[in-house]
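The values are calculated or read from the model by the stated rules, or taken from the named source; none is laboratory data. Computed from a prediction, not measured in an experiment: that's the story for all the values here. All Cβ positions, glycine included, derive from the backbone under ideal geometry; neighbour counts span all protein chains shown.
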Amino acid sequence: MPQADIRKIVNHLPGSLTYLSISGGEPFSVKQTLTSALEYIRDNRSKLFPKVSVGVVTNGFWIKNKASDVESLRELYDLGVQRISFAGDDDFHKEQGLDHKEIEAGALAARATLEEQLGGRETFKFMYFGSAPGMIAPFGRGKLLPLSFFRKKMACDLSSPLTITISTRGEAFLCCWKKSPSIGLVIATPLNDLLERALENPAIGGLIRGGPKGAALALGVYDQAREEEYATKACLICEGLFSGR
Ligand code: SF4
């Protein structure tokens, strides 16, 4: 994504923003773009969204259990990152040759060394290691998993405060799965304006207020026989409701 577009997106985020996370894909595979985005956020956060906490989500492939790990963490710290989620402790990442335990050990050791170098100053308030909580749905490679795996994770999680996902093309979506229609381009329009407009759309408004059941009611396709599924298979129903719309 061009730097100019990143700036437009950041400038269009609401001043009340409290959490901003950069994830992927794998953001460290486009390191220059990641660095540019973090630099702009760091240099403008107090003016644009003073209460924000900035984080990155990564599979941690760049942790090598070497001195370079300390430099990598130092760079993130200097870029204003407060939270790092190492979310790759799952079979998919193991298949790709990532050893999550080694990544965890390397990252913790590097943080300890960095904090020592900084005279005991706390660096990252939050460092998470594990699989991404609630971040697996039966889409993409997740289709290979048994449906029973998702029973507890399939509820629609459009809760307050709303977590908006912005794609690399600058489109805003109500969740990271991007199964409901984009609510618009944040490159062109402030996010709050897009949200206001989205709430006027019956189906999107219904989805925000009542999950897939709310959207189905708004679209006139509510099926009482699927009442339980609206909760237990929410994301699959959502995909079905909006595919082709
Ligand atoms: S039900 Fe739809 S909007 Fe809700 S979390 Fe699942 S895919 Fe996202």
**OP:** Those residues that are of a type in the set (D, E, K, R), surrounded by 11 or more Cβ atoms within 10 Å (Cβ to Cβ), touching a helix residue (DSSP H, G or I) at 6+ places or on another chain (Cβ under 8 Å) and modelled with pLDDT of 70 or more, I need them from the range 113-142; list them, please.
**Re:** none
Original post:
Which condition number does ALA198 fail, the rest of (1) within 13 Å of the ligand (Cβ to nearest atom); (2) not in a helix (DSSP H, G or I) being met?
Top reply: (2)
Original post:
What are the residues in the range 9-29 that are more than 20 Å from TRP177 (Cα to Cα), surrounded by fewer than 16 Cβ atoms within 10 Å (Cβ to Cβ) and in contact (Cβ under 8 Å) with a residue 60 or more places away in the chain, if any?
Top reply: PRO14, THR18
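Does the range 112-119 contain at least one residue that is under 23 Å from the mean Cα position of the chain (by Cα) and without any contact (Cβ under 8 Å) to a residue 60 or more places away in the chain?
no
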Original post:
Out of the residues in the range 236-245 that are surrounded by fewer than 20 Cβ atoms within 10 Å (Cβ to Cβ) and farther than 19 Å from GLY184 by Cβ, which is nearest to the ligand (Cβ to nearest atom)?
Top reply: GLU239
Original post:
Just checking, how many residues over the range 208-235 are in a loop (DSSP other than H, G, I, E, B) and more than 10 Å from the ligand (Cβ to nearest atom)?
Top reply: 4
Original post:
If you take the residues in the range 200-235 that are over 13 Å from SER180 (Cβ atoms) and aliphatic (A, V, I, L, M), which one is surrounded by the most Cβ atoms within 10 Å (Cβ to Cβ)?
Top reply: LEU217
**OP:** State which residue pairs qualify: first residue assigned by TED's automatic domain parsing to the domain that holds VAL57 and more than 19 Å from SER21 (Cβ to Cβ) and inside the range 170-187, second residue more than 11 Å from the ligand (Cβ to nearest atom) and modelled with pLDDT under 95 in any location, beta carbons under 6 Å apart, and separation of 6 or more residues or different chains.
**Re:** none
**OP:** Enumerate the pairs (first residue in the range 210-227 and farther than 12 Å from LEU158 by Cβ; second residue anywhere and among the β-branched types (Val, Ile, Thr)) with beta-carbon separation below 8 Å, excluding pairs fewer than 6 apart on the same chain, so at least 6 apart or on different chains.
**Re:** ALA216/ILE237; ARG226/ILE237
